[in-house]
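Notes follow once the structure below has been shown.
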Amino acid sequence: MVLLGNLEEAMSRLEEAITGRYTCESANSDQSLGCGETIGLAALRQGDIVVDLGCGSGKDAVAAAYVVGEEGHVIGVDMTEAMLEKARARQREAGLANVSFRLGTVEDLPVESETVDVVLSNCVINHVSDKAGAYREISRVLKPGGRFVIADVASRYQLPPEVTGDPQAWADCYGGAIPEEEYLAVIAAAGLREIKVLKRREYEKNGFPMISLTIEGKKP
């Protein structure tokens with residue numbers, strides 16, 4: 001993974017590009033920005049505590065809240081204020097008390113350790129430069145025996161520096177992609193187990209061969 005220039009400046013440009021994209025996307029709260037299916041594969045249960053990483057406008061979080069019922073709770077986390085405003089408006093419209101939304105990043109989740117039954121995420125972690133840190137956070141917040149279902153983007157091979165160093169390519173869901181084998185190794189290194197690819201779809205993005213993966217796993 002290569003971010004061109006001074007690290008602090010590169011990270012600032014990356015955050016600006018991602019936040020800028022999703023601030024613009026927030027104008028259409030019903031637009032699907034995911035790369036796979038999560039809720040339908042997560043086997044959510046009544047009473048589950050769920051975290052939705054990069055919840056966006058809250059569509060999946062609200063849908064999950066209906067499934068887990070009044071005894072459960074869904075926490076949506078997003079780094080974009082404009083998206084959180086849409087999510088909270090969606091919550092109010094639905095009249096649900098068992099879903100809430102918090103400002104935060106995947107690398108530093110505003111969630112207490114070992115309090116979560118299920119982590120969901122759809123096309124978010126590819127935006128994160130520290131993917132190992134993101135999966136360590138997922139492991140931290142999960143209860144022992146807790147599980148995750150995550151849809152994300154990987155690459156078929158290592159992308160060239162002109163792509164990995166382009167903040168806009170990261171914002172467009174391909175510049176931050178890493179090869180599939182490396183991606184799965186990152187998950188295992190975080191201490192997560194029973195890792196399984198549920199769905200896999202190959203496609204091209206701006207001429208580069210990419211893979212949409214839906215992955216499940218558990219915390220021992």
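Since every read-out is calculated from the coordinates, none of them should be taken as a lab result. Remember, predicted model here, so these are calculated numbers, not experimental data. Reconstructed Cβ throughout: ideal geometry from the backbone, glycine too, with neighbour counts over all protein chains shown.
Using the Karplus relation 6.51 cos²θ - 1.76 cosθ + 1.60 with θ = phi - 60°, the per-residue 3J(HN,Hα) values for region 175-189 come to x, x, 6, 10, x, 3, 4, 5, 4, 5, 5, 4, 4, 5, 5 Hz, with x marking Gly and Pro.
Positive end of the dipole of region 32-165 (Cβ unit charges, origin at the Cα centre): among Thr115, Ala64, Gln91, the Cα lying farthest that way belongs to Ala64.
GNM on the chain, alpha-carbon springs under 10 angstrom: the most fluctuating residue among Lys86, Lys143, Lys196 is Lys196.
Taking amide H as placed 1.01 Å from N in the peptide plane, Lys205 has its amide H under 5 Å from the amide H of Met210, each at least 5 places away in sequence or on another chain. Here the 3J(HN,Hα) profile of region 117-124, calculated from phi with Karplus coefficients 6.51, -1.76 and 1.60 at θ = phi - 60°, is 7, 9, 10, 10, 6, 9, 6, 10 Hz, Gly and Pro shown as x. The convex hull defined by the C-alpha atoms of region 62-179 has an orientation-averaged projected area of 8.0 nm².
Taking the Cα centre of the chain as origin and assigning +1 to Lys and Arg Cβ atoms and -1 to Asp and Glu Cβ atoms, the resulting dipole is close to 620 debye.
Here the Karplus curve 6.51 cos²θ - 1.76 cosθ + 1.60, taken at θ = phi - 60°, turns the phi angles of region 143-154 into couplings of 5, x, x, x, 9, 9, 10, 10, 9, 7, 10, 10 Hz, with x standing for Gly and Pro. Close amide H pairs (under 5 Å, H built 1.01 Å from N) link Ile178 with Ser155, residues at least 5 positions away or on another chain. For the chain, the convex hull drawn through the C-alpha positions has a volume of 106 cubic angstrom per residue. The GluC sites (Glu not before Pro) of region 66-145 meeting both criteria, a DSSP state outside H, G, I, E and B (loop) and at most 11 other C-beta atoms within 10 angstrom of the site's C-beta, are Glu70, Glu71, Glu112.
Beta bridges assigned by DSSP with both partners in the chain are antiparallel in approximately 50 percent of cases.
Between amide H atoms placed 1.01 Å from N, distances below 5 Å from Gly146 occur with Lys219, all of them 5 or more places distant or on a separate chain. Cα centroid separation, region 65-96 to region 117-142: 19 Å. Roughly what angle does helix 7-25 make with the longest principal axis of the chain, taking Cα atoms, 0 to 90 degrees, to the nearest 10? Result, in degrees: 50.
Ordering Phe148, Pro160, Tyr183 by Cα displacement along the dipole of region 144-205 toward the positive end leaves Phe148 in first place; charges were set at the Cβ atoms of Lys, Arg (+1) and Asp, Glu (-1).
Only helical runs count toward this figure. For the chain, summing -39,500 (n - 2.57) over DSSP H runs of n ≥ 4 and dividing by all residues gives -10000 deg cm²/dmol at 222 nm.
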